[in-house]
1. Within the stretch 13-127, which strands (runs of 3 or more DSSP E) (wholly inside it) include 1 or more residues that are modelled with pLDDT of 95 or more and surrounded by fewer than 20 Cβ atoms within 10 Å (Cβ to Cβ)?
2. Quick one: which residue in 232, 193 is over 14 Å from the mean Cα position of the chain (by Cα) and outside the structural domain of residue 44 (by TED's automatic domain parsing)?
3. Residue by residue through the stretch 21-56, note down the ones that are over 14 Å from the mean Cα position of the chain (by Cα) and farther than 29 Å from residue 245 by Cα.
4. For the stretch 218-238, enumerate the residues that are surrounded by 22 or more Cβ atoms within 10 Å (Cβ to Cβ) and part of a helix (DSSP H, G or I).
5. Give the stretch 173-191 a look and list any residue that's assigned to a loop (DSSP other than H, G, I, E, B) and crowded, with 18+ Cβ neighbours inside 10 Å, or say none.
6. Go through the stretch 157-172 residue by residue and tally those that are buried (at least 18 other Cβ atoms within 10 Å of the Cβ) and on the phi > 0 side of the Ramachandran plot.
7. Hey, among 256, 194, 205, which residue is surrounded by 14 or more Cβ atoms within 10 Å (Cβ to Cβ), of a type outside the set (Phe, Trp, Tyr) and at pLDDT 95 or above?
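The values are calculated or read from the model by the stated rules, or taken from the named source; none is laboratory data. If you're wondering where the values come from, they're calculated on a predicted model, not measured in any experiment. Neighbour counts run over all protein chains shown; Cβ positions are idealised from the backbone, glycine included.
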Amino acid sequence: MASPSDDIILETRALTRAFKGFVAVSEVNLRVRRGHIHALIGPNGAGKTTMFNLLTKFLIPTSGQIFYEGTDITRERPAEVARRGIIRSFQISAVFPHLSVRENVRIGLQRRLGTSFHFWRSERSLECLDEQADELLDAVGLLEFAGETTVNLPYGRKRALEIATTLALDPALMLLDEPTQGMGHEDVSRVTELIRRVSKNRTVLMVEHNMGVVAGLCDAITVLQRGQVLSEGSYETVAADQRVIEAYMGSTETTLAGAHG
């Protein structure tokens, strides 16, 4: 068993995942510091989503280990990992479109009552959650939309709601998968500020293509290429790394050059 560290909340050691001969993640050593916002970036096919799937146990590693709070969680199931406080927000907005905004957050809060997924429960039995739900909606700037049917929300506000439902599960470590994907400038700015605000007292690991977001938000960055760690450090460090510049040249994604600003 790994010795606990007060500083490192999540660590992978030589983490590897192969699919019928194709190695999607190859011996990745990742260390995420408590209270930091840490980004995983890289060109398409770099292994970022596979890493998230390994960390949340939707995939089992071919080899290597995953430690959380110093405990080896490599063989734990997704539900066990979630109970530890590792909660993932998916790339595609995962909310119930025909429920109200408040009802979506209440579903996340039901876990605390021990009635998760008991959708047949009396509406009255969940009213005790309204105050907590509204506090979370206020935190993400959605309180005025509490009674709105979720399908009517603009895309950027749906992503804010998804973050609120993730917060409802009281995560110690939030995994955000492309939180600003498909957004206009105004929504990107709103969600970036939201992530900064909700990251207080918790740790965030995020996959993000928008280099302006990464540059302005993240304490540390790990660059993946072909499933391996190419570079690590602050934005300034990785942006100046010639290997990183070459990895992004000619890709379909935003290049690092001039992205911050």
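1. Output list reads 22-33, 63-68.
2. Testing whether each residue is over 14 Å from the mean Cα position of the chain (by Cα) and outside the structural domain of residue 44 (by TED's automatic domain parsing) leaves just 193.
3. Scanning the stretch 21-56 gives no hits.
4. Residue satisfying the conditions is 238 alone.
5. Taking the stretch 173-191 and keeping what is assigned to a loop (DSSP other than H, G, I, E, B), we get 178-184.
Within the stretch 173-191, 178, 179, 180, 183 qualify.
6. Residues flagged as buried (at least 18 other Cβ atoms within 10 Å of the Cβ) and on the phi > 0 side of the Ramachandran plot within the stretch 157-172 amount to 0.
7. 205
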